[in-house]
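Inspection log for the structure reproduced underneath, given as structure tokens.
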Amino acid sequence: MNSSFTPISLIPLLTTVALAPLLMAAILKVKACFSGRQGPPWLIKYSTLFKLLRKGSVYSTSSTFLFKMGPVISFVCAFMVLLFFPFAGLPPVLSFHGDVIMLFYLLGLGRFFTVLAALDTASPFEGMGAAREVFFSALAEVTIFTILVLFFRLTNSLSFAEYFSHNHGITLWSSSAAPVLLVVIALFMILLTENSRVPVDDPATHLELTMIHEVMILDHSGPDLALIEMGAFCKMLFYAAFITSLLYPFSSGFPASNVVIFFLLLTLIYGGVGLAESITGRFRMAMVPNFILTSFALVFFAVILTMELVQ
Amino acid sequence: MHTFFLALLLIAAGGILAPISCRVFPLMKIMAVTALVGGGLLGGWDAAMRLILHSVPETFTLPWLQFCRFSLRIDSLSAFFLVVIFVVPAVAALYSLQYLHDSRRRAAVAANYFFFSLLIISMALVVCADTLVTFALAWEVMSLSSFFLVIYDSAEQETRAAGYLYFVFTQAGALFLFAGLGFLYSATGNFSFSGLADISASGKLIGFLLILIGCGSKAGIIPLHTWLPHAHPAAPSHVSAVMSGVMIKVGIYGILRFYLLLQPASPVFGQIIIVLGIVSGILGVVYALGKHNLKRLLAYHSVENIGIILLGLGVGMLGAASGNATMAAFGFAGGLLHVLNHAVFKSLLFLGAGALIQQTGTATIDRLGGLMKSMPFTGRAFLVGSISITGLPPFNGFISEFLIYYGAFHGLSLHHASFVLTVLAIISLAFIGGLAAACFTKVVGVVFLGEPRSDAAAQAGEAGVSMLLAQGILASLCLIIGIWPEHFVLAAFQAVQAIPLAATIEPASFLPAVTALSRTGLLFIVLVFCTGLCRRLLSMGKEIRHAPTWGCGFSRPSARMQYTGTSYGDTLVNFFRPFVRVRSHYSGITAIFPAHATYRTHVHDIFELGLQILLIRPVLFLTTRLRWIQHGNIQLYIGYIVLAILVMLLFL
């Protein structure tokens, strides 16, 4: 129940974060495979990052200090969430009872500044993307907190460390498999929404009018864009690792096998994102709320299931 | 008690000296503001000391008339509200030093200071009242003095209409409140607060509901919130800051105080409060999203935050009814801390709004833009207020919302209706947070960022020093409470000691989580600082260029092409269709070479419409039919009074 600090866990954390761009490349590879192309090299995301870090920047004359703060804060927020997450069953770097509430609010803070940085440019397109982003994320927030309600019902805990590193952690292989299965599906839908993937948003589209996240960062360049990219990697990694931890009970195995299974599942989830992008089209903008609310309905149903289990 | 009275005396002196010395305008302002700030700080210090030193409740009684005593009692709950009541108006008074700058209106300014001090004194007396009559009297003085503050610009027709609406609401609310107090009197047979816990369960519910309507109309609970979005834009901004930041919380105090006095055992009380909290919270922010007038938008956010406070109190009440100590203590403490936090950031936002309205002459957000460059300090302070009101870490709004979440999560072991409502409370709190983020990115983005949308916005300059100082104080309070919350959380828990169950919670059980929040907040700031430093190092020695915003291929962008607040909120507002009525008028394009076209859209609050159709029209219909009673003949009016007294004496 108490707060803890495990500095040694920084090593697996930083390793995983360092591998995140590689995992992103897995999405591209899967998509390429489905469309019969060879796809970009595996290290594409690293070379993009280094290219951006080497470059100079162009700033809009309309913008203020907020434009430069946006990337910094969105990266720090996404990275901080990972500090509280137990990777492969190892204890997280930091943890306290109630940290999940703070972490999802930190992600909200990152979004708040990304949106402000977009509005700072006075571009009508970026305003449009920002309006969509805040709408969809407000809906996604509902699903996420319903998941937290469910997890509290299952474990009486309010932190990632308690969710996953106890012996009675929440996994598909426990007595509460049915609600967890629903959560896995819902969480995957939220992953697609929050990380601007197809069918909610298309990171590879070319028409600004149809973008959500990409259009908000149109004016960022150089190291600022690199920070945004790294923040996006961290956020994607967080959601993917969240689902991974639900899929397999890492706390009960050997450390070495845990790590192997962890990365295997992680790659599978990234591959799943690529698969979803390859086989589904993009929704019309008006359909996206229904998609997010479907994920809410799934989790709410899971909560009702636990009511039956308890009584 | 002496310090308390000394503070009230100083504030009263400020209010009385102003009209006397109003011929010399600067002298009057300096005297009034010095007295108000001095009295406010003294009173706030005294109240804070009571909380910190865990003082025993003090009482003061003045035998008065034949039948009722004028009696005051300051316990920890009163002391908590007193801190807010004394400190926030002191900052607002400081702001008014340069905000009320028109020396031609010196009489109005003097009256403003008089009623301002009267409002502070009456609010302090409401939260200290120890008998039903003292409470009712102080309440009425509070309502009337705030009415006179609202109609400061009485030359404007809109202001008079808003003032009238507020007056009607406040008197109708008082009617219910007095009915509730009268009902409690009839149940116990005396005016004191002490015997209220012993009345029957159904009596408690009726009395509580009447008082809930009375206090709720002051607090702005949906559907009794209709006066807020009219009165706040009409009132001067430092008055809006005090009314929205402090006065509506006195309504919350009334609800909480009578709940504590009645000590009901039934969970129905908590369930009613949670339902009201959910409705006020979500719809308040949805209506705010649809509003174009900055102060009206902020007024709807007060409704939203009252909803959050009610969610906290409701969670606490459910916890108390079900014997769940963690839930009770965290719910009540979270709700109370949100009272303090909202007082700080909402008055900050109103003061910022006042500064920019003074500079640009308009409150319509779609005519503003780019003010972060011309009003850098106000812009940054407003940004701090916006992050705080959205409830994001590491600012103060998050701390109180965290406590409410914490309490609500620990209430998930309840059953049936209480369980469902707790789940709904958590979900709606999250949803409110998301929607508030949407609304405040809209406000900051449209008003302060981008390019100016009108000449008035382009020519704005920074506000006066006293106005900036007031905003600076409140903005730093937001950050201080957010990063070092321990003492404020302790104070909130100290204030709920009156609840027997919540008193069993030891500081050791909540301080670790609060300390962890504080450390995480600090870590966040350190990381932001380090990343910012890295970013600067990476940018060093590289080519940094400045160019116009990328218009996606369009080469002649204009400021009018920016996304407006209306379009920003449009999809979200339409999502809530049955609860909001969007009326839009588009002139259309008629000729081959289109000339001037207009598009107008208005987002209606269905409760306001409902009130018009269901209440105002029938009442108007009835009263026009009864018009013949009003003939202007004074003898007959006296006859009515005599008749009424006779009837009452004979039949009651």
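The values are calculated or read from the model by the stated rules, or taken from the named source; none is laboratory data. Quick caveat: nothing in here was measured; it's all calculated off a predicted structure. Neighbour counts run over all protein chains shown; Cβ positions are idealised from the backbone, glycine included.
Here's the yes/no breakdown for (1) over 20 Å from residue A:80 (Cα atoms); (2) among the acidic types (Asp, Glu); (3) at the interface with another protein chain (Cβ under 8 Å from one of its Cβ atoms):
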| residue | (1), (2), (3) |
| --- | --- |
| B:382 | yes, no, no |
| B:395 | no, no, no |
| B:398 | no, no, yes |
| B:402 | no, no, yes |
| B:405 | yes, no, yes |
| B:409 | yes, no, yes |
| B:419 | yes, no, yes |
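Considering only region B:445-460, state which residues are within 9 Å of another protein chain (Cβ to nearest Cβ) and surrounded by fewer than 24 Cβ atoms within 10 Å (Cβ to Cβ).
Result: B:451, single match.
What is the one condition in (1) surrounded by fewer than 24 Cβ atoms within 10 Å (Cβ to Cβ); (2) modelled with pLDDT of 95 or more that residue B:414 does not satisfy?
It fails just one condition, (2).
Would you say residue B:388 is more than 8 Å from chain A (Cβ to nearest Cβ), modelled with pLDDT under 95 and assigned to a helix (DSSP H, G or I)?
no
Considering (1) without any contact (Cβ under 8 Å) to a residue 12 or more places away in the chain; (2) closer than 25 Å to residue A:135 by Cα, say which one residue A:264 fails and leave the rest.
Of (1) without any contact (Cβ under 8 Å) to a residue 12 or more places away in the chain; (2) closer than 25 Å to residue A:135 by Cα, only one is false for residue A:264: (2).
Report the residue count in region B:514-558 for those that are more than 7 Å from chain A (Cβ to nearest Cβ) and touching an Asp or Glu at 6+ places or on another chain (Cβ under 8 Å).
Here the count works out to 3.
Keeping to region A:155-182, report how many residues are touching a helix residue (DSSP H, G or I) at 6+ places or on another chain (Cβ under 7 Å), assigned to a helix (DSSP H, G or I) and over 20 Å from residue A:84 (Cα atoms).
Here the count works out to 4.
Would it be correct to say that residue B:476 is at pLDDT 95 or above, in a helix (DSSP H, G or I) and either closer than 28 Å to residue B:75 by Cβ or away from chain A (no Cβ under 12 Å) (or both)?
Taking the combined requirement at face value, the residue satisfies it.
Just checking, how many residues over region A:28-61 are assigned to a loop (DSSP other than H, G, I, E, B) and touching a residue at least 40 places away in the same chain (Cβ under 8 Å)?
3
Of everything in region B:563-574, what is buried (at least 16 other Cβ atoms within 10 Å of the Cβ) and either away from chain A (no Cβ under 14 Å) or not aliphatic (A, V, I, L, M) (or both)? Give them in sequence order.
The answer is B:563, B:564, B:565, B:566, B:567, B:568, B:569, B:570, B:571.
Restrict the check to region A:103-121 and report whether at least one residue is without any contact (Cβ under 8 Å) to a residue 60 or more places away in the chain and β-branched (Val, Ile, Thr).
The answer is no, given that none of the residues of region A:103-121 is without any contact (Cβ under 8 Å) to a residue 60 or more places away in the chain and β-branched (Val, Ile, Thr).
Kindly state which helices (runs of 4 or more DSSP H) lie completely within region B:242-354 and contain at least 1 residues that are closer than 17 Å to residue B:405 by Cα.
Because the criterion is at least 1 residues that are closer than 17 Å to residue B:405 by Cα, the helices (runs of 4 or more DSSP H) in region B:242-354 that meet it are B:268-290, B:294-322.
Can you say whether residue B:509 is part of a helix (DSSP H, G or I), at pLDDT below 90 and either more than 29 Å from the chain's Cα centre (by Cα) or within 13 Å of chain A (Cβ to nearest Cβ) (or both), as far as the supplied structure shows?
Answer is yes for this residue.
What residue, among those in region B:494-506 that are of a type in the set (A, V, I, L, M) and in a helix (DSSP H, G or I), is farthest from the other protein chains (Cβ to nearest Cβ)?
B:498
Keeping to region B:293-319, report how many residues are within 15 Å of the chain's Cα centre (by Cα) and of a type outside the set (A, V, I, L, M, F, W, C).
8
Yes/no per residue for (1) closer than 17 Å to residue A:292 by Cβ; (2) among the hydroxyl-bearing types (Ser, Thr, Tyr); (3) within 12 Å of the chain's Cα centre (by Cα):
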| site | (1), (2), (3) |
| --- | --- |
| A:197 | yes, no, yes |
| A:210 | no, yes, no |
| A:213 | yes, no, no |
| A:221 | no, yes, no |
| A:224 | no, no, no |
| A:231 | no, no, yes |
| A:241 | no, no, yes |
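Name the one entry in B:367, B:296 that is within 19 Å of residue B:219 (Cβ to Cβ), surrounded by fewer than 24 Cβ atoms within 10 Å (Cβ to Cβ) and of a type outside the set (Gly, Ala, Ser).
Step by step, each of B:367, B:296 is checked, and only B:296 is within 19 Å of residue B:219 (Cβ to Cβ), surrounded by fewer than 24 Cβ atoms within 10 Å (Cβ to Cβ) and of a type outside the set (Gly, Ala, Ser).
Looking only at region B:155-167, count how many residues are out of contact with any His (no Cβ under 8 Å at 6 or more places or on another chain) and touching a residue at least 40 places away in the same chain (Cβ under 8 Å).
4
Working only within region B:8-47, note down all residues that are more than 18 Å from residue B:81 (Cα to Cα) and in contact with a Pro (Cβ under 9 Å, 6 or more places away or on another chain).
B:28
For the list (1) more than 7 Å from chain A (Cβ to nearest Cβ); (2) in contact with a Ser or Thr (Cβ under 9 Å, 6 or more places away or on another chain), I need the number of the one condition that residue B:589 fails.
(2)
Since residue B:64 meets every condition but one in (1) more than 23 Å from residue B:487 (Cα to Cα); (2) modelled with pLDDT of 90 or more, which condition does it not meet?
(2)
If you scan region A:62-113, which residues turn out to be within 7 Å of chain B (Cβ to nearest Cβ) and part of a loop (DSSP other than H, G, I, E, B)?
Scanning region A:62-113 gives A:62, A:64, A:96, A:97, A:98.
Restricting attention to helices (runs of 4 or more DSSP H) lying wholly within region A:199-290, give those where 3 or more residues are modelled with pLDDT of 90 or more and not charged (D, E, K, R).
Helices (runs of 4 or more DSSP H) meeting the threshold: A:222-247, A:255-279.
Considering each residue of region A:267-300, count those that are surrounded by fewer than 19 Cβ atoms within 10 Å (Cβ to Cβ) and in contact with a Lys or Arg (Cβ under 6 Å, 6 or more places away or on another chain), and give that number.
1
Give region A:23-58 a look and list any residue that's within 13 Å of chain B (Cβ to nearest Cβ) and buried (at least 20 other Cβ atoms within 10 Å of the Cβ), or say none.
A:52, A:57
Here's a check for you: in region A:114-149, which residue that is of a type in the set (Ser, Thr, Tyr) and at the interface with chain B (Cβ under 7 Å from one of its Cβ atoms) is farthest from residue B:548 (Cα to Cα)?
Selected residue: A:146.
Going through region B:209-221 one residue at a time, which ones are surrounded by 24 or more Cβ atoms within 10 Å (Cβ to Cβ) and either among the aliphatic types (A, V, I, L, M) or not in a helix (DSSP H, G or I) (or both)?
Within region B:209-221, B:211, B:212, B:219, B:220, B:221 meet the criteria.
For region B:394-469, which helices (runs of 4 or more DSSP H) that fit wholly inside it have 1 or more residues that are at positive phi?
B:416-443
How about region B:79-128: which of its residues are among the β-branched types (Val, Ile, Thr) and over 25 Å from residue B:476 (Cα atoms)?
Matches in region B:79-128: B:109, B:121, B:126, B:127.
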